[in-house]
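All remarks here apply to the structure that follows.
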Amino acid sequence: MPSFRRDDASRGRPAAAPRLSSALTLHFTREDRGTEPDDMWAYKRHWNFLSGRELDHGWLESAPAVSYHDMAGAVGRALGPEALAEVDLIVFAMTVADCRHASMAGALLAGMTDNDAHVLGVSEQGVAAPFTALRIATGQLASGARRRALVVVAEQSTLPPCPVAGTRPARDAAVALVLDAGPGP
């Protein structure tokens, strides 16, 4: 039996839009991190492997280095047990690789719920990741496969130097949306 079903609209039946139950925005500073950059040997080794040479990791020591794991824990604590009690789907979206890549942020949130929430991570899609996460969550709610979804979109500012010009996150942040099945705003 497949874990995910297509929503009702794709089967020819009208789908009800989910209701936004709550929204939360959190910003993080260096004091919010749970892992010291000196302990991130695996992350440093990963970046060295990708570049094909030994890199200067000064950027990592001076960065906030707030991991998605740290952000997920803060989101769960801020929402509290009442908001998490009925969550049966968690979709955690991120646009860049985590500075603590051996952790699964969605699984940490699932452990904070009172039920066996289905967890899905959306990554490697850049700025499209939040939209993919919302599409998955709303499709699951509209189809009746899930009753309450938590969508978390997290962004890290701890990124290695990049010779290509582009917009980089100015700070670490996370947005959490709790969506319920059924009509509403």
Checklist entry - Say each of Trp41 and Thr29 gets a label point 7 Å from the Cα, pointing the same way as Cα to Cβ; how far apart are those two points in nm? => result 3.2 nm
Item to check | Note, ³J(HN,Hα) from phi for the stretch 103-114, Karplus 6.51, -1.76, 1.60, rounded to Hz, x at Gly and Pro | outcome: 10, 10, 4, x, 5, 4, 5, 4, x, 8, 8, 8
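For a test of the definition: using alpha carbon positions, the gyration tensor, and the 1.5 limit on a/c, classify the stretch 111-161 as rounded, prolate or oblate. Mind dumping the intermediate values first?
Working: a/c = 3.45, a/b = 1.67, b/c = 2.06.
In terms of gyration-tensor shape, oblate.
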Item to check | Integer Hz, Karplus 6.51/-1.76/1.60 couplings in order for the stretch 79-88, x for Gly and Pro | outcome: 5, x, x, 5, 5, 8, 4, 9, 5, 10
Checklist entry - Taking H as built 1.01 Å from N, whose amide H comes closer than 5 Å to the amide H of Gln125, not counting residues under 5 places away? => result none
Checklist outcome for this item: Heavy-atom accessible area of Leu108, protein chains in place, probe 1.4 angstrom, given in Å² to nearest 10, is 50 Å²
Checklist entry - What are the residues whose amide H is under 5 Å from the amide H of Leu89, where those residues sit 5 or more places off or on another chain and H is modelled from the backbone? => result His118, Arg148, Leu150
Checklist entry - Using θ = phi - 60° and the Karplus curve 6.51 cos²θ - 1.76 cosθ + 1.60, what whole-Hz ³J(HN,Hα) does each residue of the stretch 61-71 get, with Gly and Pro shown as x? => result 5, 8, 7, x, 6, 7, 7, 5, 4, 4, 5
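The values are calculated or read from the model by the stated rules, or taken from the named source; none is laboratory data. Values in this document were obtained by computation on a predicted structure and should not be read as measured data. Glycine gets a Cβ as well: all are built from the backbone with ideal geometry, and neighbour counts include every protein chain shown. Side chains are part of the model used for accessible areas, which takes the heavy atoms of the whole protein and leaves out ligands, DNA and RNA. Shrake-Rupley method; radii C 1.70, N 1.55, O 1.52, S 1.80 Å.
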